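Chemist: Just dropping this structure here.
The values are calculated or read from the model by the stated rules, or taken from the named source; none is laboratory data. Source: prediction; values computed, not measured. Positions of Cβ are generated from backbone atoms using ideal geometry, with glycine treated the same way; all protein chains shown enter the neighbour counts. When the accessible area is computed, the model is the full protein with side chains, heavy atoms only, and any ligands, DNA or RNA have been set aside. Shrake-Rupley method; radii C 1.70, N 1.55, O 1.52, S 1.80 Å.
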Amino acid sequence: MEPYVDPATAAEFLAVTRARLLAMARSGQIPAHPLGLPGKRKQWRFRLSEIAQAVGALTRPVSSVSLPSAVSDVRPKRIRT
């Protein structure tokens with residue numbers, strides 16, 4: 001199973017700012033996994049393969065999307081619980 005990554009890593013993967021990435025997550029433009037209770041500030045986590053597929057689907061059919069090699073090169077940070 002692919003690990004989750006933090007917003008900074010996902011933003012670097014997309015070459016956008018962390019703020020832009022979080023805005024995209026809140027608006028549903030990219031897949032994201034919010035952690036936390038309703039009404040509280042959320043911690044967001046991402047899977048790079050889901051982001052790559054969603055972004056690729058905007059420009060070409062999903063069946064032709066292949067994961068960039070960067071997915072395996074990114075070292076995820078541990079999620080503290």
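Chemist: I'd like the distance separating the alpha-carbon centroids of segment 1-20 and segment 34-52, in whole Å.
Modeler: Using only Cα atoms to place each centre, the spacing works out to 11 Å.
Chemist: Could I ask something else about it? Using a 1.4 angstrom probe on the protein heavy atoms only, line up 46, 13 by accessible area, largest first.
Modeler: Solvent-accessible surface, decreasing: 13, 46.
Chemist: Sort 18-26, 37-45, 4-12 by the packing proxy (mean of other Cβ within 10 Å over each peptide's residues), most packed first.
Modeler: On the way: 18-26: 16.2, 37-45: 11.3, 4-12: 18.6.
Ranking, from highest mean packing down: 4-12, 18-26, 37-45.
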